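See below for the structure under consideration.
Rule-based calculations on the coordinates, nothing more; no lab input. Because the structure is a prediction, the values reported are computed rather than measured. As a convention, Cβ positions derive from the backbone with ideal geometry for all residues, glycine included, and neighbour counts pool all protein chains shown.
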Ligand code: NAP
């Protein structure tokens, strides 16, 4: 029976892969269409939703996490079905899911990291900040990760907001994190941490720091943390055209003021080292020091870039966290731009290696544009991709229904996948909140897939 997709008896079947902010904003935009009947299925690799809202946003930024309430509302819409514990590109292939949906939208974010490309990067004690963030946020992929916090000094490479998040976690009083939803294992390790000093190493000047002024302010406000920065570097940065931009100026003045403020009883120290690039991570079996080269700035067609001067320094350290941007992870069967770490696309329409649009396949969020912007940035991005999807959908010819929820269920059964429903996630959510309440915390997260599935089995067994 052929019918125009988008009619009440033949809804447009939209599959969304991922369930972070970009995925939920896209689902919400789809449900707002008046003239098209839609059936939206969200597929999430983990048994829990919300992507970076749960596993990326720092535990001491609880207010930001409240955006999940809006996503919950979308998930409860009768036209929306969320399925957790389903990996597309794993147990279920892209091609077979596409057979069961009219359109497929990838909103898988950037779960990978970038390497510095220097010797010693894979020594024990050298990690991607992504791993540290996942670990303190209870991401199941990093449950078994171990960070040696028995050393006195850590080096964080990069000067973005992720770098400041990990710095704050390393220097903040654990008692001030205890009420949050930080993973229990991370809180215990941070309580025992002996890290006293954190170096933040940035390849360009202070005027180019990517972190926000309010994020810097948060660090400056920790009154038991001393800040150290070279006053000559701040003076240089203030004298540049970039240093005159009001938000940049505010950051520079904050840094200068904080570095001038004596904090004799500081428990921890954060040292900003601008115009420095790691050239090697050194040590016999584990990290012992980081070799740095001092940089100059050179103007290029891409803007000011760092260039080594040949001058060298060495910073003894036992832990290195590289925070030099996240990168997307390729999905088998879906085009991927290895250099940029994103799915190649034209306004959200996925394009193949020859530059031709791949019919019915779309992307949005970080996997579309790369790891930039804040959570809200994904809203307008998702709206734009959904507009492209619906424009294409309106041009579709009458066709028989392309799969159904029942055919997807059958496929999952055949692959031995145990999907987790949104009602089951709500059960896990209630368990975590109740466990948190008993401990005087926002929530006590389940941090492994096996623990999550076990909790669901215990619920369903008599
Ligand atoms: P980011 O803001 O792009 O910062 C990346 C940092 O890494 C920059 O300092 C960059 O320096 C440096 N870098 C990149 N490649 C490098 C290399 N090869 N060697 C040395 N340094 C290198 O990225 P992010 O910190 O990962 O954050 C991702 C996004 O999430 C951002 O939009 C951020 O604002 C957002 N976020 C927001 C919050 C918040 O709202 N509180 C918290 C976390 C993340 P150059 O400038 O020289 O390239």
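Tabulated data for the structure shown
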item: Rounded to 5, percent antiparallel among DSSP beta bridges of the chain; result: 40
item: P(r) weight above 42 Å for the chain, C-alpha pairs, percent; result: 22
item: FRET efficiency estimate (nearest 0.05) - Cβ-Cβ, residue 228 to residue 394, R0 41 angstrom; result: 0.10
item: Net lengthening on full extension, residue 301/residue 439 (0.36 nm per residue, minus Cα-Cα); result: 44.2 nm
item: Value of Rg/Rh across the range 91-143 [Cα atoms, Kirkwood radius]; result: 1.16
item: Förster radius 30 Å - calculated FRET efficiency between residue 338 and residue 374 (Cβ-Cβ, nearest 0.05); result: 0.70
item: Rel. contact order, % - alpha carbon contacts under 8 angstrom, at least six apart, the chain; result: 23
item: Computed over the range 1-153, Cα set: Rg, Dmax in Å; result: 19.1, 70
item: Cα-based Kirkwood hydrodynamic radius, the range 330-381, one decimal, Å; result: 11.3
item: Alpha-carbon centroid distance for the pair the range 268-285 / the range 332-352, whole angstrom; result: 34
item: Once the Cα gyration tensor of the range 365-462 is diagonalised, semi-axes √(5λ) in Å; result: 35, 25, 11
item: Helix axis angle, 161-171 relative to the chain longest principal axis, alpha carbon, degrees; result: 60
item: Overall dimensions of the range 85-214 by Cα: Rg and Dmax, Å; result: 18.2, 55
item: 0 to 90° range, to nearest 10: angle between helix 449-460 axis and the chain longest Cα axis; result: 40
item: Amide N of the range 6-42 lying under 12 Å from the label point, which is placed 7 angstrom from the Cα of residue 404 along Cα→Cβ; result: 10-11
item: Full-stretch length increase - residue 188, residue 286 - with 0.36 nm per residue and alpha-carbon distance subtracted; result: 33.0 nm
item: Span per principal axis, largest first, for the Cα atoms of the range 219-286 (Å); result: 45, 32, 18
item: Size descriptor, Kirkwood hydrodynamic radius, that averages inverse alpha-carbon separations across the range 320-407, Å; result: 14.7
item: Mean shadow area of the range 146-236, taken as a quarter of the surface of its Cα convex hull (nm²); result: 6.4
item: Segment residue 313-residue 260, length gained on full extension (0.36 nm per residue, minus Cα span); result: 16.7 nm
item: Inter-centroid distance (Cα atoms) of the range 104-126 relative to the range 387-451, Å; result: 26
item: Angle between the chain longest axis and helix 377-393 axis [Cα atoms, degrees, rounded to 10]; result: 30
item: Kirkwood hydrodynamic radius of the range 241-347, from inverse mean 1/r over distinct Cα pairs, in Å; result: 18.1
